[in-house]
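Student: Got a structure for you, questions after.
The values are calculated or read from the model by the stated rules, or taken from the named source; none is laboratory data. Worth saying up front: this structure is predicted, and the values here are computed from it rather than measured. Cβ atoms come from the backbone with ideal geometry, glycine included; neighbour counts cover every protein chain shown. Heads up: the accessible areas ignore ligands, DNA and RNA and are worked out on the full protein's heavy atoms, side chains in. Shrake-Rupley method; radii C 1.70, N 1.55, O 1.52, S 1.80 Å.
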Amino acid sequence: MNEYEKLLLQNKSWVSDKTDLDKDYFKNLADIQKPEFLWIGCSDSRVPANEITNTEPGEIFVHRNIANLVVNTDLNMLSVLKYAVEVLKVKHVIVCGHYGCGGVKAAITNHHFGLLNKWLRNIKDVYRLHNYALNKIENIEDKTDALVELNIIEQVNNLVKTSIVQKAWHNNQSLMLHGCVYGLKNGILIDLIKVDKNTPIDPLYQFDFDNTIED
Ligand code: CO
């Protein structure tokens, strides 16, 4: 049996575990999707949204990419955000990074990663914003973890800059943005930043919705 066939078998045992406890488990799940959270996390296999928050299917709408970035030209992320905010009406958007992130670490180096360079450039730009503080940290692990935290905060700021989030706030929709960091070595999530509609937005990034036809 190969690894993939083993996965399919494990799926069958998971189904029976769930239905043993509640025979309508899947029927109830299939009937409605009403998650309260959108999770924007790192693709790293060690940071699965449901497991680390002890939640069930149906509770978290998830988008993951390398180093949990919110890039304003990323149609994939923007589509997920728009659907989550405007259709599912999630109440919280969470950007979750993690210490020891390989993407963040790679961005600090000068290695050439081919296509990946274009994605990692976004993290280098975060470094440049904070280079005065980061340059003082000599240990590469400590420098990575400091940039991991700054990157999470920057990605939450990037969410604020989207018309999707600003429009929700303009319409008085209940929507809070959070940034948190996960510790691979202890499993703990630490809250770093919270932004809601009362948090001031840099005027340069504010949209005037009274004169907007379509977003
Ligand atoms: Co990562």
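Student: Which of the residues that make up segment 118-141 are within 12 Å of Val104 (Cβ to Cβ) and either without any contact (Cβ under 8 Å) to a residue 24 or more places away in the chain or of a type in the set (S, T, N, Q) (or both)? Talk me through it step by step, then tell me what you get.
Tutor: Going residue by residue through segment 118-141, those that are within 12 Å of Val104 (Cβ to Cβ) are 119-120, 122-124, 126-127, 134, 140-141.
Scanning segment 118-141 gives Asn122, Lys124, Tyr127, Leu134.
Student: Among the residues that make up segment 63-77, is at least one of them within 11 Å of the chain's Cα centre (by Cα), more than 14 Å from the ligand (Cβ to nearest atom) and assigned to a loop (DSSP other than H, G, I, E, B)?
Tutor: yes
Student: Any residue in segment 86-102 that's over 8 Å from Phe37 (Cβ atoms) and part of a helix (DSSP H, G or I): show its pairings with residues that are away from the ligand (no atom under 16 Å from the Cβ) and open to solvent by less than 10 Å² (accessible area, probe 1.4 Å) at Cβ separation under 8 Å, as long as the two are six or more apart or on different chains.
Tutor: Pairs that qualify, where the first residue is over 8 Å from Phe37 (Cβ atoms) and part of a helix (DSSP H, G or I) and the partner is away from the ligand (no atom under 16 Å from the Cβ) and open to solvent by less than 10 Å² (accessible area, probe 1.4 Å), are Glu86/Ala168.
Student: Also, quick follow-up: Would you confirm whether or not segment 99-122 contains a residue that is within 20 Å of Met176 (Cα to Cα), within 12 Å of the ligand (Cβ to nearest atom), surrounded by 12 or more Cβ atoms within 10 Å (Cβ to Cβ) and within 14 Å of the chain's Cα centre (by Cα)? Before you say what the answer is, go through the steps one by one.
Tutor: Within segment 99-122, the subset within 20 Å of Met176 (Cα to Cα) is none.
No.
Student: In addition: Just to be sure, is Asp31 under 29 Å from Ala84 (Cα atoms), modelled with pLDDT under 95 and more than 28 Å from the chain's Cα centre (by Cα)?
Tutor: no
Student: Still on this structure, I have one more. State whether the residues of segment 127-144 include one that is under 15 Å from Val95 (Cα atoms), modelled with pLDDT of 95 or more and under 20 Å from the mean Cα position of the chain (by Cα).
Tutor: Here is the first cut: in segment 127-144, the residues under 15 Å from Val95 (Cα atoms) are none.
There is no residue in segment 127-144 that is under 15 Å from Val95 (Cα atoms), modelled with pLDDT of 95 or more and under 20 Å from the mean Cα position of the chain (by Cα).
Student: A further question on this structure: How many residues are farther than 26 Å from Val195 by Cβ and not hydroxyl-bearing (Ser, Thr, Tyr) when one looks only at segment 109-136? I'd like the intermediate steps shown before the answer.
Tutor: Going through segment 109-136, the residues farther than 26 Å from Val195 by Cβ turn out to be 109-118, 135-136.
Within this subset, residues satisfying the condition of being not hydroxyl-bearing (Ser, Thr, Tyr) are 110-118, 135-136.
So the answer is 11.
Student: Additional query: Given (1) among the polar types (S, T, N, Q); (2) more than 16 Å from the ligand (Cβ to nearest atom); (3) outside any helix (DSSP H, G or I), where does Asn50 come up short, assuming only one miss?
Tutor: The failed condition is (3).
Student: Here are Lys136, Lys118, Lys197: which of them is of a type in the set (Lys, Arg) and closer than 23 Å to Asn65 by Cβ? Working first, answer last.
Tutor: On the way: Lys136 fails: closer than 23 Å to Asn65 by Cβ; Lys197 fails: closer than 23 Å to Asn65 by Cβ.
From the options Lys136, Lys118, Lys197, the qualifying one is Lys118.
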